[in-house]
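Take a look at the structure set out below.
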Amino acid sequence: NPDLKPERSEELEFGADVKLFSNRIGLDLTYFNKQTQDALIFRQLPPSLGVGAGRFENLGSVKNTGFEVSLNASIVETDKFFFDLNVVASFIDNKLKKLGEGIEPVIFGLQRQTEGYPLGGYWDEQYTYSDANGDGFISQSEVQVGDTVYLGNPFATTDITFTPTIGLFNNALVLTGLLNYKGGNKLYNNTAAWRNGNSNTQELNDPNASLAGQARAVASKFLGTDAGYIEDASFWRLREVSLTYNAPQKFVSSIGFSRVSLTLSGQNLAIWTDYSGLDPEISSTGQSNFTTEEFLSLPPTRSWKVRLNLSF
């Protein structure tokens, strides 16, 4: 593409740092507004041109706005006990303002680059259903397919992390956790849609399956819309918990060290979500051209670690 040129961005940021109660509470606030012109967007080209699937072009203008908040608080602090809390949060909104003169929406699978909507948004035909005869079974005639509509953002718009730390017995024991919330986004559960296409789901074979589950299976298998498999991917995850024992200084000095500690930690210990797939953070395609989906991918593993630190 001989006409390719750099993206150009302008950004405004406003921030405030607040310290309270003799610096026991620190609050950082940031607002940003970023405007990007000549955004590079992958445009699909007809195979008959013989140049591959497509190329990047300077097609769009994109707007990103949001807030970022960081709170550090020393809630309790005594000789024998302390409790600190750190909270980091971001709230982000992005929108494709303009795609380019005469350029149709860029479609890749169930996702699109469409003016006025988030980048890579999910789109598919909406459907409705009703158990008209009350038999607890959704048939094809009881599912009605409508127009193609916007179904959601593939990337989280809210990200909040809580990190509490508790110290006991003059810091002999230190307990730390990391709890994370992400929300405001959808994920295409292509694993379930693919299995459904092969008639290998409870929703197609078990009349005791929920009506909503039967409806999305019928809509996907027989009526050509996977809208029911584009699911809310919001979640709470307990990402880590660690417990550290710091050996008494008298004992440490007697064995020739300046510090000895033993830590037991666990990662990815629990998750709370309405997403029906393996994990709402899975993206089997990485982040290739905004494509996101779960498809026969392994979820994050749960692990435990033991660490011994010896300092001289």
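Pulled fully out, how much extra length does the chain show between residue 28 and residue 285, if you take 0.36 nm times their separation in residues and subtract their Cα-Cα distance?
89.0 nm
When all C-alpha to C-alpha distances in segment 214-295 are sorted into bins of 10 Å, what percent of pairs does each bin hold, rounded to whole numbers?
Distribution as computed: 14, 24, 22, 13, 12, 8, 5, 1 percent.
Show me, for segment 262-276, the HN-Hα J-couplings you get by feeding each phi into the Karplus relation (A = 6.51, B = -1.76, C = 1.60, θ = phi - 60°), rounded to Hz, glycine and proline as x.
10, 10, 10, 9, x, 10, 6, 8, 7, 9, 10, 7, 8, 5, 8
Report the charge-dipole magnitude of segment 1-156 in Debye, nearest 20, computed about the Cα centre from +1 at each Lys and Arg Cβ and -1 at each Asp and Glu Cβ.
Roughly 480 debye, rounded to the nearest 20.
Based on the alpha-carbon gyration tensor of segment 52-171 and its eigenvalue square roots a ≥ b ≥ c, which shape applies: rounded if a/c is under 1.5, prolate if not and a/b is larger than b/c, or oblate?
Values: a/c = 4.14, a/b = 1.60, b/c = 2.58.
The shape class here is oblate.
For helix 211-223, report the angle its Cα long axis makes with the longest principal axis of the Cα atoms of the chain; keep it between 0 and 90° and round to the nearest 10°.
Its long axis makes an angle of about 50 degrees.
Checking the cross-link filter: which lysines have an alpha carbon closer than 29 Å to that of residue 97, excluding same-chain neighbours under 8 positions apart?
5, 34, 63, 182, 186
Hey, can you rank 54-61, 20-27 by average C-beta count inside 10 Å, highest first?
Working: 54-61: 17.5, 20-27: 11.9.
Output ranking for 54-61, 20-27: 54-61, 20-27.
For residue 69 and residue 131, what does the FRET efficiency come to when R0 = 35 Å and r is the distance between their Cβ atoms, rounded to the nearest 0.05?
Between residue 69 and residue 131 the formula returns 0.15.
With a Cα-only, solvent-free Debye model of the chain, what are the log10 I(q)/I(0) values at q = 0.09, 0.10, 0.15 Å⁻¹?
With one equal scatterer per Cα and no solvent, log10 I(q)/I(0) is -0.69, -0.81, -1.23.
Using θ = phi - 60° and the Karplus curve 6.51 cos²θ - 1.76 cosθ + 1.60, what whole-Hz ³J(HN,Hα) does each residue of segment 107-114 get, with Gly and Pro shown as x?
10, 9, x, 8, 10, 8, 9, 10
Would you be so kind as to identify which of 137, 277, 116 lies farthest towards the positive end of the dipole of the chain, taking Lys and Arg as +1 and Asp and Glu as -1 on Cβ and the Cα centre as origin?
Looking along the dipole axis, the top candidate is 277.
For residue 225, enumerate residues with amide H under 5 Å from its amide H, sequence gap 5+ or separate chain, H modeled in the peptide plane.
HN-HN under 5 Å from residue 225: 220.
In the neighborhood of residue 193, defined by Cβ-to-Cβ distances under 10 Å, what is the net charge if each Lys or Arg adds +1 and each Asp or Glu adds -1?
Local net charge: 0.
Given labels modelled 7 Å from the Cα in the Cβ direction, how far is it in nm from residue 165 to residue 267?
2.0 nm
Compute the Rg to Rh ratio over segment 48-105 from the alpha carbon atoms, using the Kirkwood formula for Rh, and round to two decimal places.
Answer for segment 48-105: 1.44.
From the residues 260, 91, 292, which one has its Cα farthest along the dipole of the chain in the positive direction, the dipole being from +1 and -1 charges on Cβ of Lys/Arg and Asp/Glu about the Cα centre?
260
Treat every Asp and Glu Cβ in the chain as -1 and every Lys and Arg Cβ as +1, leave all other atoms uncharged, and give the resulting dipole magnitude about the Cα centre to the nearest 20 debye. Working shown, then result.
On the way: 25 positive and 35 negative charges, 275 e Å.
Computed about the Cα centre, the dipole is about 1320 debye.
What size of dipole, in debye to the nearest 20, comes out for segment 97-195 about its Cα centre when the only charges are +1 on Lys and Arg C-beta atoms and -1 on Asp and Glu C-beta atoms?
560 debye
For a Förster distance of 51 Å, can you work out the FRET efficiency between the beta-carbons of residue 18 and residue 104, rounded to the nearest 0.05?
E between residue 18 and residue 104, to the nearest 0.05, is 0.60.
Which of 54, 40, 65 sits closest to the plus end of the dipole of segment 37-79, meaning its Cα is farthest towards the positive end, when Lys and Arg get +1 and Asp and Glu get -1 on the C-beta?
Working it through, the farthest residue towards the positive pole turns out to be 54.
Give me the distance in nm between label points sitting 7 Å out from Cα along the Cα-to-Cβ direction at residue 175 and residue 208, one decimal.
In this crude spin-label approximation the distance works out to 4.0 nm.
Report the FRET efficiency, 1/(1 + (r/R0)^6), for residue 255 and residue 301, where r is their Cβ-Cβ distance and R0 is 35 Å, rounded to 0.05. Mind dumping the intermediate values first?
Working: r = 36 Å, r/R0 = 1.02.
Efficiency, rounded to the nearest 0.05: 0.45.
All of the numbers you see were taken from the coordinates with simple rules; none came from a lab. What you are looking at is a predicted structure, and each value in this text was computed from that prediction instead of being measured. Cβ coordinates were reconstructed from backbone atoms using ideal geometry, including for glycine residues, and neighbour counts include every protein chain displayed.
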